[in-house]
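Trainee: The structure that follows is given in the form of structure tokens.
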Amino acid sequence: MTGTAEKPRARSHPRNSTALNISLDYTFDGLTGWRQFRVLRPCRGIYHDIRRRLPYYSSDITDAFTYRTIASTVRMYFVNLLPALAYTLDMNRRTGGSYGVNESLFSSALAAMVFSTIGAQPLTIVGITGLISLFNYTIYDIIKIYDVSLYARFMCWTAIWAAIWHWLVAIWNLCDYMRYITDFSSETFGMYVGIIYMIKGVEELVSLFDSYGSVDGYLSCVIAILYFGTVYTLEKIGNGVLAKPWARGFLADYAYPISTLFWVGFAHISGTLKRANISTLPISRAFYPTQPRDWLIDFWTLDVKWIFIAMPFGFLVMLLFYYDHNVSSLTAQAKQYPLKKPGGFHWDFFLLGCTTFIAGIVGIPLPNGLVPQAPVHTDSLTIYETDLQVIATEEGEGNEIRRPIVKASKVVEQRISHFLMGLAIIGTMTGPLLIVLHTMPRAIFCGVFFIVGWGSIENNGITQKLIFLFSERRFIQKGEPLLQIRRRKIWLYLFCQILGVALPVAISQTIAAIGFPVLVCLLIPFRWQLMPKFFLVKELEVMDDLTATNKVVLASLGGAPKLPDSSTADEYGLERRFSERRSGILRQRAGSYHR
């Protein structure tokens, strides 16, 4: 949203200095002896997270009394609900009907209620991701080779082991290493997520052709593409300069509900469209599992050998959530948002272990931080101001260029919008609203895949660098930081990122897809250990940066990481090798001259 529709109120936070002093107590940097080892000081991160965030709990409620909370609640309800249902269609189709709408709604509501009430980072939206969908049906493909009846109980034990790994990571303060997440890692992961979502949208459309025929397939393609175009256009208008600030802000806030209501109605227009009998979202009995079973999985009946086979699968789930959830929290609290309240990564990861355990024993998809949706939540709570920049030209008096300058002035940091969204999802599990969901064409959810996926691709740093490299040089602004770097170095940097995208995408299309969390987590050591061997520090400083630089956010991770000083770049990059090579050439020339 842009404009000055809501002027931020000057509000003092008397506890800011206290919270900062408390945050300084949590660090392992500079410690010696046994105190420097995180595993020997269990629960230290959790303790400081709770102590740091607790003084803000009352303000998390009182600060919510503003219009932005209402707009954010409506927007996030649709942004969370529609992708969750889209992933459910994918899981339902590829896991033999193990997951349906009720399981999806239950998982989203569980996560929303837990993290909105007792989470340390309520801006982080937690729900069903496309990656857990990928994980679920890949395990299904493996289990059905042996005995498909084991799937529900095996997934339950996978979740139990994953919960145990979550608790150990949080207790041993291992979330600290997420402070090393930079734009290199988060952009690569965001591009991977975007591509996977786009692939899912295409797969769902193809499945409609296969299952319901060409009429359903072609009409679904039309609705999916037009739905994507409608949401995209409305959000672009909201971020532009057309109309008044309040009008374009309204369009941006309610782009999803406007588009959804219109295209659902479009599919039910009487006449030719109605006779097409397009496929809709399948539903079941309210508050009951899709399969004829109880909510509690009889996990205690699984053979012991399968229980221990589930252990490494649980570890892989933890790796995925370790990266995905914490990156979601970092992007929701990224440097472009002027946040004032502290974060709490250790405590939230411990809570994620609890929700993973509960989700496992009741047989619902495991909720996790949502990378595309989490920053959307913060953005929907951000108050923007649009200033006018006037640039005089050389063509004479009266000729000038006018540009809008949009600045984020404040973020409404509260937990009510997340809480209300969770209540709304619980209400959606009731019979009347399930009937309403049943009227929604499946094509709408294909369009949702395209929207979420393209949102992760369009504004991605990889895309922006590619645009820079392919742009005509005379039209590039002289102040562009990338002009300080040789183009081949930018291409090398992009090659590293594209490789980090291509490998997980490729493995995700095979039965080995459960191993993609390992590749994703390797992005962190690759960035810090290998890339400095190929780039100067000053080059990495231009092309890369920490995803979150706010001190109150990084305090939960022990502060900002120690970066190598730019004056010692020759110790890390090619500069030293260039110097040695030049010295060797000069010595050779001197030797030839004397001979």
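The values are calculated or read from the model by the stated rules, or taken from the named source; none is laboratory data. Here the structure is a predicted model, which is why all the values come from computation and not from measurement. Cβ atoms come from the backbone with ideal geometry, glycine included; neighbour counts cover every protein chain shown. We work out accessible area using only protein heavy atoms, side chains counted, and drop any ligands, DNA or RNA first. Shrake-Rupley method; radii C 1.70, N 1.55, O 1.52, S 1.80 Å.
Trainee: Residues of region 92-115 being surrounded by fewer than 24 Cβ atoms within 10 Å (Cβ to Cβ) and in contact with a Phe, Trp or Tyr (Cβ under 8 Å, 6 or more places away or on another chain), which ones?
Mentor: Asn92, Arg94, Thr95, Gly96, Ser98, Asn102, Met113
Trainee: Could you list all residues from region 223-270 that are of a type in the set (Asp, Glu) and touching a Gly at 6+ places or on another chain (Cβ under 8 Å)? Don't jump to the end; show me each part of the working.
Mentor: Here is the first cut: in region 223-270, the ones of a type in the set (Asp, Glu) are 235, 253.
The one that is of a type in the set (Asp, Glu) and touching a Gly at 6+ places or on another chain (Cβ under 8 Å): Asp253.
Trainee: Which of the residues spanning region 285-312 are assigned to a helix (DSSP H, G or I) and open to solvent by 100 Å² or more (accessible area, probe 1.4 Å)?
Mentor: Step one: filter region 285-312 for residues assigned to a helix (DSSP H, G or I), giving 299-301, 304-312.
Hits for region 285-312 are Trp300, Lys305, Phe308.
Trainee: Got a sec? Which of Leu261, Leu316 is within 25 Å of Leu110 (Cα to Cα) and either modelled with pLDDT of 90 or more or over 33 Å from the mean Cα position of the chain (by Cα) (or both)?
Mentor: Working: Leu261 fails: within 25 Å of Leu110 (Cα to Cα).
Testing whether each residue is within 25 Å of Leu110 (Cα to Cα) and either modelled with pLDDT of 90 or more or over 33 Å from the mean Cα position of the chain (by Cα) (or both) leaves just Leu316.
Trainee: Looking at Tyr337, is it hydroxyl-bearing (Ser, Thr, Tyr), in a loop (DSSP other than H, G, I, E, B) and more than 19 Å from Trp165 (Cβ to Cβ)?
Mentor: Details: hydroxyl-bearing (Ser, Thr, Tyr): yes; in a loop (DSSP other than H, G, I, E, B): yes; more than 19 Å from Trp165 (Cβ to Cβ): yes.
Yes, satisfied.
Trainee: Let me ask something additional. Restricting attention to region 27-61, and to residues there that are of a type in the set (A, V, I, L, M) and either within 27 Å of the chain's Cα centre (by Cα) or closer than 30 Å to Val412 by Cα (or both), which single residue is most open to solvent (accessible area, probe 1.4 Å)?
Mentor: Leu54
Trainee: I would also like to ask the following. Residues that are β-branched (Val, Ile, Thr) and closer than 30 Å to Arg68 by Cβ: find the helices (runs of 4 or more DSSP H) completely inside region 183-284 holding 3 or more of those.
Mentor: Working: elements: 183-212, 214-238, 245-253, 255-266, 272-275.
In region 183-284, 214-238, 255-266 are the helices (runs of 4 or more DSSP H) which contain 3 or more residues that are β-branched (Val, Ile, Thr) and closer than 30 Å to Arg68 by Cβ.
One line per residue, one yes/no per condition, for (1) in contact (Cβ under 8 Å) with a residue 24 or more places away in the chain; (2) of a type in the set (Phe, Trp, Tyr); (3) in contact with an Asp or Glu (Cβ under 6 Å, 6 or more places away or on another chain):
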site	(1), (2), (3)
Lys341	yes, no, yes
Gly360	yes, no, no
Pro372	yes, no, no
Thr382	yes, no, no
Val390	no, no, yes
Ile405	no, no, yes
Leu433	no, no, no
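Trainee: Being modelled with pLDDT under 85, closer than 30 Å to Ala247 by Cβ and open to solvent by less than 40 Å² (accessible area, probe 1.4 Å), is that true of even one residue in region 8-23? I'd like the intermediate steps shown before the answer.
Mentor: Filtering region 8-23 for residues modelled with pLDDT under 85 gives 8-23.
Right, trim to closer than 30 Å to Ala247 by Cβ and you get 8-11.
Now drop any that are not open to solvent by less than 40 Å² (accessible area, probe 1.4 Å), which leaves 8.
Looking through region 8-23, at least one residue is modelled with pLDDT under 85, closer than 30 Å to Ala247 by Cβ and open to solvent by less than 40 Å² (accessible area, probe 1.4 Å).
Trainee: I'm trying to understand the selection: among the residues of region 435-465, which are more than 19 Å from Tyr493 (Cβ to Cβ), free of Cβ contacts under 8 Å to residues at least 60 places away in the same chain and not hydrophobic (A, V, I, L, M, F, W, C)?
Mentor: Listed by number, the list holds a single entry, Glu458.
Trainee: Here's something else I'd like to know. Would you point out which residue out of Ile457, Ile416, Ile391 is more than 22 Å from the chain's Cα centre (by Cα) and open to solvent by 20 Å² or more (accessible area, probe 1.4 Å)? Quick ask: steps written out before the conclusion?
Mentor: Working: Ile457 fails: more than 22 Å from the chain's Cα centre (by Cα); Ile416 fails: more than 22 Å from the chain's Cα centre (by Cα).
From the options Ile457, Ile416, Ile391, the qualifying one is Ile391.
Trainee: Okay, moving on. Kindly check whether there is at least one residue in region 123-138 that is of a type outside the set (Asp, Glu), open to solvent by 30 Å² or more (accessible area, probe 1.4 Å), under 28 Å from Ala334 (Cα atoms) and in a helix (DSSP H, G or I).
Mentor: Taking region 123-138 and keeping what is of a type outside the set (Asp, Glu), we get 123-138.
Of the ones still in play, those that are also open to solvent by 30 Å² or more (accessible area, probe 1.4 Å) are none.
No, the conditions are met nowhere in region 123-138.
Trainee: Suppose the filter is in contact with a His (Cβ under 6 Å, 6 or more places away or on another chain) and crowded, with 24+ Cβ neighbours inside 10 Å; does Gly369 pass it? Can you show your working first?
Mentor: Numbers: in contact with a His (Cβ under 6 Å, 6 or more places away or on another chain): yes; crowded, with 24+ Cβ neighbours inside 10 Å: yes.
Considered against the rule, which asks whether it is in contact with a His (Cβ under 6 Å, 6 or more places away or on another chain) and crowded, with 24+ Cβ neighbours inside 10 Å, Gly369 comes out as yes.
Trainee: Do you know which residues across region 218-238 are modelled with pLDDT under 90 and more than 23 Å from the chain's Cα centre (by Cα)?
Mentor: Once the filter is applied, which keeps residues that are modelled with pLDDT under 90 and more than 23 Å from the chain's Cα centre (by Cα), region 218-238 yields only Ile237.
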